[in-house]
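Written out below as structure tokens is the structure these notes cover.
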Amino acid sequence: MLKNYKEVQKVLFVILLLNILVAGIKTVLGYLIHSSSMLADGIHSFSDGASNVVGILGIQLSKKPEDEDHPYGHEKIEMLSSLVIGLLLLVLGVQVLIEGIKTFQSPRSPNISVESMLLLAVTLFINIAVSYFEEKRGKQLKSTILISDAMHTRSDIYVSIGVFFSLLAIKMGLPSYVDTIMSCVVSFFILHASWEILRDNVGILLDSKVLDREKIQKIILSHPEIKGVHKIRTRGTLAHVYMDLHILVDKNMSVEEAHCLSHHLEHDLQKEFEIEIQVLIHVEPYRKVCYVNQKKEI
């Protein structure tokens with residue numbers, strides 16, 4: 001179960017409200033001033049709120065204990081939810097790109113006012129504050145969900161800066177198609193966000209590697225009792241990892257000693273990676289000739 005889940009949920013809920021506020025302002029403002037780039041940016045900002053919802057859902061599900069039909073818990077429901085969001089973003093990104101291409105055929109000059117620029121600047125500062133706050137709390141609570149979401153929000157800041165300066169350039173006399181170009185650029189950011197969500201969550205569902213094998217090996221071999229380690233595998237999420245591996249120990253080591261060593265290894269791995277890890281360790285007798293020459297134990 002994710003530690004400090006109540007505090008993480010509180011942070012995500014506050015961030016969700018702020019992201020909805022920012023996305024709403026951008027979307028309404030983009031519609032009122034006829035700016036396709038700001039409208040696209042508003043749609044892009046809704047993806048932040050969607051990721052917050054997924055985070056809250058995932059943490060809520062992580063509290064649900066394993067049962068007879070789900071011995072590994074219910075965490076992958078979060079991945080399925082993320083896939084739905086990724087597909088929705090894919091559809092939105094394509095729609096924004098199509099609308100951007102259409103506006104090249106019938107361009108419309110945005111009705112940019114000082115007030116609209118100020119509102120956009122306010123949303124930009126909110127995004128900056130959200131990213132800083134979320135990353136800080138993520139480090140304090142050791143939450144990979146918050147830290148990852150903060151990185152996503154930080155990428156949106158660059159998009160908003162681009163939209164701001166494109167509208168400012170039009171206000172200063174540049175042609176209106178600058179706004180159309182920027183809306184197409186934003187659509188690619190939406191599509192990129194969709195691709196990242198789909199890639200990461202499909203990888204989790206396919207049990208892709210989560211942790212660095214060499215780092216794990218270094219931690220294991222720091223124990224002098226262990227003569228070798230192999231068949232290291234990890235799966236799961238950065239919040240909850242399942243690991244299994246084989247260790248080679250002296251053939252005269254007792255079952256009690258091997259059991260105690262396994263607990264020490266699990267503790268060291270959790271301490272080093274600062275996440276919850278469930279470790280399954282297979283203990284094998286060390287055979288020097290076989291391991292040195294073949295780098296594996298049969």
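The values are calculated or read from the model by the stated rules, or taken from the named source; none is laboratory data. Note that the structure is a prediction, hence the values are computed from the model and not measured. Using ideal geometry, Cβ is built from the backbone for each residue, glycine included, and neighbour counts are taken over all protein chains shown. Protein only, heavy atoms only, side chains kept; ligands, DNA and RNA dropped before computing areas. Shrake-Rupley method; radii C 1.70, N 1.55, O 1.52, S 1.80 Å.
Against the compact-protein benchmark of 2.2 N^0.38 Å, the Cα-based radius of gyration of the chain scales to 1.30.
Lys/Arg Cβ at +1, Asp/Glu Cβ at -1, dipole of the range 213-285 taken about the Cα centre: which of Leu221, Thr234, Asn252 is farthest positive-ward? Towards the positive end, the residue furthest out is Thr234. Helix 36-62 and the long axis of the chain differ in direction by around 30°, with both axes built from C-alpha atoms.
Each label was represented as a point 7 Å from its Cα along the Cα-to-Cβ direction; for His192 and His264 these points are 4.7 nm apart. Counting only protein chain heavy atoms and rolling a 1.4 Å probe, the accessible areas of Cys260, Cys184 rank, largest first, as Cys260, Cys184. The largest accessible area among Val114, Val178, Val22 belongs to the first residue in Val114, Val178, Val22, and the rest follow in falling order (1.4 Å probe, all chains).
The spacing between the range 165-201 and the range 77-104, judged by their C-alpha centroids, is 14 Å. Taking Cα atoms only, the orientation of helix 177-205 departs from the longest principal axis of the chain by about 20 degrees. Here the contact order of the range 4-206, divided by its residue count and restricted to Cα pairs under 8 Å and six or more residues apart, works out to 32 percent.
Applying 1/(1 + (r/R0)^6) with R0 = 35 Å to the Cβ-Cβ distance of Ile181 and Glu272 gives a FRET efficiency near 0.15. Residue pairs exceeding 25 angstrom between C-alpha atoms, taken from Lys102/Lys171; Lys26/Lys76; Lys76/Lys209; Lys136/Lys231: Lys26/Lys76; Lys136/Lys231. With all protein chains in place and a 1.4 Å probe, the accessible surface of the chain carries 64 percent carbon and sulfur. Beta bridges from DSSP with both residues in the chain: antiparallel share about 45 percent, rounded to the nearest 5. Put a plus charge on the Cβ of each Lys and Arg, a minus charge on the Cβ of each Asp and Glu, and nothing anywhere else: the dipole of the chain about its Cα centre is then about 580 debye. For the range 125-211, rounded, prolate or oblate, judged on the Cα gyration tensor with a ≥ b ≥ c (square roots of eigenvalues), a/c < 1.5 rounded, else prolate if a/b > b/c? Since a/c reaches 1.5 but b/c is at least a/b, the shape of the range 125-211 is classed as oblate. Among the protein heavy atoms, those of Phe273 account for about 40 Å² of accessible surface (1.4 Å probe, every chain in place).
Within the full protein context, the accessible area of Lys64 is estimated at about 110 Å² for a probe radius of 1.4 Å. Within the full protein context, the accessible area of Asp244 is estimated at about 40 Å² for a probe radius of 1.4 Å.
Over the range 213-285, the pair-distance histogram of Cα-Cα distances with 10 Å bins from zero comes to 19, 58, 20, 2 percent, rounded to whole numbers.
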